[in-house]
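The values are calculated or read from the model by the stated rules, or taken from the named source; none is laboratory data. Just so it is clear, the model here is predicted, and its values are computed rather than measured. Because the Cβ atoms are built from the backbone with ideal geometry, glycine has one as well, and the counts that use them run over all protein chains shown. Note: areas computed on protein heavy atoms with side chains; ligands, DNA, RNA excluded. Shrake-Rupley method; radii C 1.70, N 1.55, O 1.52, S 1.80 Å.
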Amino acid sequence: MTEKHFIPTPYTNSLENGSFSWSSPSNIALVKYWGKKEHQIPENPSISFTLDNCKTTTNLTFLRKASHGGFSFEVFLDGEQKDDFKPKIETFFKRVEDYLPFLKDYHFKIETSNTFPHSSGIASSASGMSALALCLMSIEKLIIESDVTLSAAERSIDETYFTKKASFLARLGSGSACRSLEGDLVVWGKHDGIEGSSDLFGVKYPNDVHQNFKNYQDTILLVDKGEKQVSSTVGHNLMYGHPFAQERFKQADKNLSDMISILKEGDLDAFIALVESEALTLHAMMMTSMPYFILMKPNTLEIINKIWDYRKSSGSKICFTLDAGANVHVLYPEGEASQVLEFIQNELVAFCQKGQYINDKIGFGAKLL
Ligand code: DP6
């Protein structure tokens with residue numbers, strides 16, 4: 001399958017206006033995407049848990065405009081106009097224009113809100129871009145379904161194609177966003193051991209998953225809620241010419257191969273080792289790029305050490321992962337929830353900014369509202 005698959009059969013658009021709302025969750029990578037080629041193609045495959053509570057709700061209203069002109073849209077976060085979101089959305093519209101030929105027919109009002117606190121340091125690009133991509137797909141579906149010049153077959157868009165194309169579009173907004181549409185585990189990037197996997201979109205993990213991973217918990221400790229010093233996009237670019245890049249891409253591919261058997265066997269010790277090593281490798285890539293940078297904070301390290309001590313003394317299967325920031329995702333099996341929450345309350349909350357954390361767990365993807 002190539003990009004061409006997502007260019008629609010030319011249609012006559014007679015829709016005047018309307019609106020769609022989708023909610024879409026965030027996700028946390030177990031094997032990380034860090035480094036990309038042109039057109040948002042990842043250097044290595046990645047796999048993530050879809051989250052449940054951390055999500056974005058987007059309402060997209062479209063209104064036919066008089067002249068074709070350029071892109072026309074306004075963005076609101078929690079009811080407040082957000083012009084600083086516009087450049088990212090403009091770039092997204094440019095990237096997806098060939099796949100959504102109706103984009104310049106309308107003026108769009110994008111109204112969005114997140115369930116997690118604003119500027120909590122939790123990336124809203126995955127949930128935000130996937131929710132927006134889904135709203136746009138809903139519009140395209142309606143246009144196609146109401147185009148009487150198309151044949152009955154051309155007018156029907158099946159669910160699989162809808163989700164694939166929405167994920168494909170979301171990827172062009174933000175790479176990790178293509179892993180947010182479905183759950184509970186999603187793979188993005190071609191991998192020989194995972195049928196249907198693609199560099200172009202995320203797919204629901206098709207292989208066997210052991211009971212041990214059902215309802216896995218993720219408590220997100222908010223260590224630093226400030227603006228990141230380095231954006232993910234800049235970080236990805238620093239993988240060009242990075243002295244360890246090629247080895248890292250090979251390692252990620254191998255880690256995903258290992259993850260396939262870990263998920264099947266339910267081997268929690270191997271899961272812990274792989275996931276923590278991925279998190280630290282991601283940050284090691286940041287520390288060894290030129291220019292180099294550190295996104296972990298002293299409290300990130302305090303928490304990691306506390307988790308290691310607790311695991312050693314209690315035999316718990318708790319582990320941590322990190323995304324491109326200072327916050328810590330604490331992962332643990334559902335059966336340990338009450339003990340781990342007690343440990344978090346007693347020992348880790350002290351290292352969180354204003355004592356804040358979010359209890360989340362594996363979720364099942366986006367929803368049309
Ligand atoms: C560290 O998806 O935010 O979270 O494609 O430039 O928008 P862009 O980057 P983004 O990168 C996420 C990187 C990561 C790892 C991951 O989610 O796999």
TODO: Mind counting the residues in the stretch 22-41 that are surrounded by fewer than 18 Cβ atoms within 10 Å (Cβ to Cβ) and touching a residue at least 24 places away in the same chain (Cβ under 8 Å)?
DONE: 2
TODO: Show the residue pairs that are 6+ apart or on different chains and have beta-carbon atoms under 7 Å apart, the first residue being within the stretch 224-250 and closer than 14 Å to Met287 by Cα, the second being acidic (Asp, Glu).
DONE: Met239/Glu43
Open item on the list: Just checking, does the stretch 68-88 include any residue being at pLDDT below 95, among the small types (Gly, Ala, Ser), within 16 Å of the ligand (Cβ to nearest atom) and not in a helix (DSSP H, G or I)?
Closed with: no
Open item on the list: Can you go through Asn305, Asn299, Asn346 and tell me which one is over 29 Å from Val203 (Cβ atoms) and surrounded by 15 or more Cβ atoms within 10 Å (Cβ to Cβ)?
Closed with: Asn299
- [ ] Identify the single condition in (1) farther than 30 Å from Ile220 by Cβ; (2) touching an Asp or Glu at 6+ places or on another chain (Cβ under 9 Å); (3) open to solvent by 40 Å² or more (accessible area, probe 1.4 Å) that Gly79 does not satisfy, given that it satisfies every other one.
- [x] (1)
Task: Selection count, the stretch 263-306, where residues are over 22 Å from Phe244 (Cβ atoms) and not charged (D, E, K, R) - done: 10
Open item on the list: Where the second residue is open to solvent by less than 10 Å² (accessible area, probe 1.4 Å) and of a type in the set (Ser, Thr, Tyr) and the first is within 30 Å of Gly355 (Cβ to Cβ) and lies in the stretch 208-221, which pairs have Cβ atoms under 9 Å and are six or more apart or on separate chains?
Closed with: Tyr216/Tyr332; Gln217/Tyr332; Asp218/Thr321; Asp218/Tyr332; Thr219/Tyr332; Ile220/Ser120; Leu221/Thr300
TODO: Go over the candidates Phe49, Phe92 one by one and state the one that is within 15 Å of the ligand (Cβ to nearest atom), open to solvent by less than 10 Å² (accessible area, probe 1.4 Å) and not in a strand (DSSP E or B).
DONE: Phe92
- [ ] Could you check how many residues of the stretch 227-279 are within 12 Å of the ligand (Cβ to nearest atom), over 20 Å from Ile304 (Cβ atoms) and at pLDDT 95 or above?
- [x] 6
Task: Complete set of residues in the stretch 350-369 that are surrounded by 15 or more Cβ atoms within 10 Å (Cβ to Cβ), among the aliphatic types (A, V, I, L, M) and farther than 23 Å from Ala270 by Cα - done: Ile358, Ala366
Task: Residue within the stretch 317-331 that is within 22 Å of the chain's Cα centre (by Cα) and assigned to a helix (DSSP H, G or I) present - done: no
TODO: Kindly indicate whether Glu265 is open to solvent by 10 Å² or more (accessible area, probe 1.4 Å) and either under 23 Å from Ser174 (Cα atoms) or assigned by TED's automatic domain parsing to the domain that holds Gly315 (or both).
DONE: yes
Open item on the list: Need the failing condition index for His107 against (1) farther than 26 Å from Asn327 by Cβ; (2) open to solvent by less than 60 Å² (accessible area, probe 1.4 Å); (3) in contact (Cβ under 8 Å) with a residue 60 or more places away in the chain; (4) not aromatic (Phe, Trp, Tyr), just the number.
Closed with: (3)
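Yes/no matrix, rows are residues, columns are (1) open to solvent by less than 60 Å² (accessible area, probe 1.4 Å); (2) touching a Lys or Arg at 6+ places or on another chain (Cβ under 6 Å); (3) without any contact (Cβ under 8 Å) to a residue 40 or more places away in the chain:
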| position | (1), (2), (3) |
| --- | --- |
| Leu60 | yes, no, no |
| Asp84 | no, no, yes |
| Leu100 | yes, no, no |
| Leu103 | yes, no, yes |
| Phe116 | yes, no, no |
Task: the stretch 280-290, residues that are touching a residue at least 40 places away in the same chain (Cβ under 8 Å) and within 12 Å of the ligand (Cβ to nearest atom) - done: Thr281, Leu282, Met285, Met286
